[in-house]
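Here is the structure we will look at, set down as structure tokens.
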Amino acid sequence: AADSTASRPPFYLTTAIAYPNGVPHIGHAYEYISSDALARFKRLDGFDVYFMTGTDEHGLKMQQTAAKEGIDVRELAARNSDVFEAMDKTLNISFDRFIRTTDADHEEASKAIWQKMLANGDIYLDTYSGWYSVRDEAFYTEAETTLQDDGSRLSTETGTPVEWTEESTYFFKLSEYQDKLLRLYEENPDFIAPATRRNEIVSFVKGGLKDLSISRTTFDWGVPVPDHPEHVMYVWVDALTNYLTGAGYPDTDSEQFGKFWPANLHIIGKDITRFHTVYWPAFLMSAGIELPKRVFVHGFLYNKGEKMSKSVGNVVDPVAMVEQYGLDAVRFFLLREISYGQDGSYSHEAIVTRINADLANELGNLAQRSLSMVAKNCDAQVPAPGELTEDDTAMLAQADALLERVRAEYDVQALHLALETIWSVLGETNRYFSKQEPWVLRKTDPERMATVLYVTLEVVRIVGILVQPVMPDAAEKILDLLGQKADARQFSDLPTRIVAGTPLPAPSGVFPRYVED
Ligand code: ME8
């Protein structure tokens with residue numbers, strides 16, 4: 001049962017905060033679903049989890065989008081932020097706080113970290129001139145841009161237009177952090193994952209760091225710089241600080257801060273790695289604040305391998321996807337199909353295959369067949385097992401070993417491997433069930449049938465508990481069908497065997513097959 005005492009170790013997990021300049025797409029949904037599975041896993045594993053997501057509302061991109069739509073930027077931010085929050089609810093994202101960078105406590109945190117960096121001598125005023133991409137909200141050197149035939153320039157890495165910018169701005173002495181950052185990566189090899197991302201960042205930093213422009217004067221949609229309100233903070237300074245705001249900063253004496261800072265895990269997508277693994281630790285070092293433990297970088301999602309774009313017309317609305325396939329099927333598909341940390345693709349065919357093969361056949365059918373035999377032949381109660389054979393013991397041993405294996409995969413955010421591991425045991429269980437032929441035993445050896453059904457129900461219970469982070473609703477239904485109490489579904493409940501005599505409700509299907517209409 002859940003232990004509600006203060007002994008549970010804290011775990012602070014964040015997603016990136018999205019720009020609400022438009023509505024969420026499937027890439028956002030992927031980030032929230034994967035982070036949610038990680039948060040739920042830790043809760044079930046006895047951690048005191050604080051899970052935060054939200055929206056990044058300042059900056060030129062927001063201001064320009066609002067101008068284009070002819071509405072106030074606050075109105076644009078509020079309207080779309082609400083759409084993100086509503087989508088999180090639709091996706092069953094178990095966040096503890098939905099932060100908006102326009103929240104009052106966030107402005108305070110941003111000003112506080114600025115003042116710390118200033119006091120440390122890392123901020124100075126100068127003139128910035130260079131290339132800026134509004135879409136990326138990022139500065140680029142000329143060498144990082146490509147000249148087009150029409151004389152315009154694009155960021156070489158991201159392909160977004162850049163514009164020449166020249167203004168008086170504050171700079172952050174990023175150049176002074178090269179050695180400290182390289183030491184950080186060296187001494188904490190787990191700080192950036194996967195390793196490919198770490199290698200990219202190490203070579204980027206080895207190439208030298210230039211000071212970073214961290215304020216703007218040509219527009220005013222941002223957090224004002226303390227004592228210099230004609231400057232607003234560069235949106236990334238304020239955006240990254242959201243993680244501190246969530247931990248109660250600047251009140252470093254608060255219970256929240258003591259418990260949840262430093263953050264254990266930042267989940268982000270691959271296009272914002274540099275901001276999180278170079279700028280962010282440098283800001284924190286400058287401000288004398290402890291660094292987060294780990295930044296995990298997930299890949300990008302593509303529609304049948306193609307980049308989603310409004311002009312191609314292949315942007316998928318995550319809510320429509322959930323309506324079509326069901327929420328837990330979508331959650332399972334995204335986490336099982338795509339190697340977490342790598343790019344991945346989705347297509348109708350791939351989703352249907354996962355639904356029918358993995359969910360309906362391997363799990364749903366196993367639960368359905370065993371439970372309906374129990375309903376008909378065992379007085380609708382968990383049957384009492386007789387003496388266990390070698391096959392039974394081996395089957396149970398595989399299921400008992402799952403938690404440790406799955407936990408090891410979750411600890412390195414290998415969500416796809418965690419699911420693969422569970423499904424390999426489900427495959428074994430289906431083979432066990434077919435081999436034992438309980439439907440034959442029903443006539444020849446009812447006692448043996450009872451044992452086989454008991455073993456099968458016990459494996460389904462273990463799997464049901466372990467798939468809760470990925471499919472909370474479906475797992476709940478499975479555990480209800482197994483007569484498991486709501487307070488007996490933590491990982492600490494795994495070793496206690498299902499109890500013979502537990503009354504079972506009438507069985508019903510958990511995962512319908514997807515049928516084309
Ligand atoms: O970058 N597939 O916001 P954002 C997977 N506000 N993930 C994707 C994706 C795709 N096709 N497209 C975007 C920002 N993402 C900043 C973050 S954090 C302090 C500030 C991911 O709305 C992207 O990598 O552009 C990022 O992690 C998240 O969605 C929000 O992207």
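Laboratory data are not the source of any read-out in this text; all were calculated from the coordinates shown. All figures in this text were calculated on a predicted structure; none of them were measured in a lab. A quick note on method: Cβ atoms are made from the backbone with ideal geometry, for glycine too, and the neighbour counts reach across all protein chains shown.
Here the chain is treated as a Stokes sphere of Kirkwood radius computed over C-alpha pairs; at 4 °C and 1.567 mPa s its diffusion coefficient rounds to 52 µm²/s.
Note on residue 361 and residue 135: the extension gain reaches 76.9 nm, defined as 0.36 nm multiplied by sequence separation minus the Cα-Cα distance. Based on the Cβ-Cβ distance from residue 513 to residue 339, what FRET efficiency comes out when R0 is 25 Å, to the nearest 0.05? Computed FRET efficiency for residue 513 and residue 339 comes out at 0.45. What net charge do the residues around residue 403 carry, taking every other residue with its C-beta under 15 Å from that of residue 403, with Lys and Arg at +1 and Asp and Glu at -1? For residues surrounding residue 403, the net value is +1. Cβ-Cβ distance of residue 435 and residue 387, R₀ of 22 Å, FRET efficiency by 1/(1 + (r/R0)^6): the value works out to about 0.80. The length gained by stretching the chain between residue 380 and residue 443 to full extension, at 0.36 nm per residue less their Cα-Cα distance, is 20.9 nm. Residues within the reach of a label modelled at residue 502 (point 7 angstrom out along Cα to beta-carbon, backbone nitrogen below 20 Å), restricted to the stretch 361-387, are 363-387. Helix 327-337 and the longest principal axis of the Cα set of the chain meet at an angle near 80°.
Once the chain from residue 252 to residue 90 is taken as fully extended at 0.36 nm per residue, the excess over their C-alpha distance is 54.9 nm.
Summary of the geometry: the stretch 466-517 and the stretch 79-109, compared by the centres of their Cα atoms, lie 31 Å apart. Considering only 481, 394, 356, the residue lying farthest towards the positive end of the dipole of the chain is 394, judged by Cα position with unit charges set on Cβ. Inter-label distance, residue 317 to residue 219: 2.7 nm, where each label sits 7 Å from its Cα along the C-beta direction. Based on C-alpha pairs under 8 angstrom that are at least 6 apart in sequence, the chain has a relative contact order of 16 percent.
Entry note: the stretch 216-321 has Rg to Rh equal to 1.07, where both radii use alpha-carbon atoms and Rh is the Kirkwood radius.
Helix 390-400 axis versus longest C-alpha principal axis of the chain: approximately 20°, rounded to the nearest ten. The modelled label-to-label distance between residue 480 and residue 188, using points 7 Å beyond Cα along the C-beta direction, is 4.3 nm.
Where the alpha-carbon atoms of the stretch 373-517 are placed on the principal axes, they occupy 47, 41, 35 Å, in descending order. Compute the long axis of helix 178-187 from its Cα atoms, compare it with the longest principal axis of the Cα atoms of the chain, and write down the angle in degrees, 0 to 90, nearest 10. In the chain, helix 178-187 runs at an angle near 10 degrees to the longest axis. What net charge do the residues around residue 348 carry, taking every other residue with its C-beta under 13 Å from that of residue 348, with Lys and Arg at +1 and Asp and Glu at -1? Net charge in that neighbourhood comes out at -2. With a simple spin-label model that places each label point 7 Å from the Cα along the Cα-to-Cβ direction, the separation between residue 492 and residue 168 comes to 6.0 nm.
Taking K and R as +1 and D and E as -1, what net charge do the other residues with C-beta under 12 Å from the C-beta of residue 169 add up to? For residues surrounding residue 169, the net value is -4. Express the Stokes-Einstein translational diffusion coefficient of the stretch 436-517 in µm² s⁻¹, to the nearest whole number, given a Kirkwood radius over alpha-carbon pairs, 20 °C and a viscosity of 1.002 mPa s. For these conditions, the coefficient is 152 µm²/s. Shown for the stretch 175-223 is the translational diffusion coefficient from the Stokes-Einstein equation, using the Kirkwood radius over Cα pairs, a temperature of 37 °C and a viscosity of 0.692 mPa s: 259 µm²/s.
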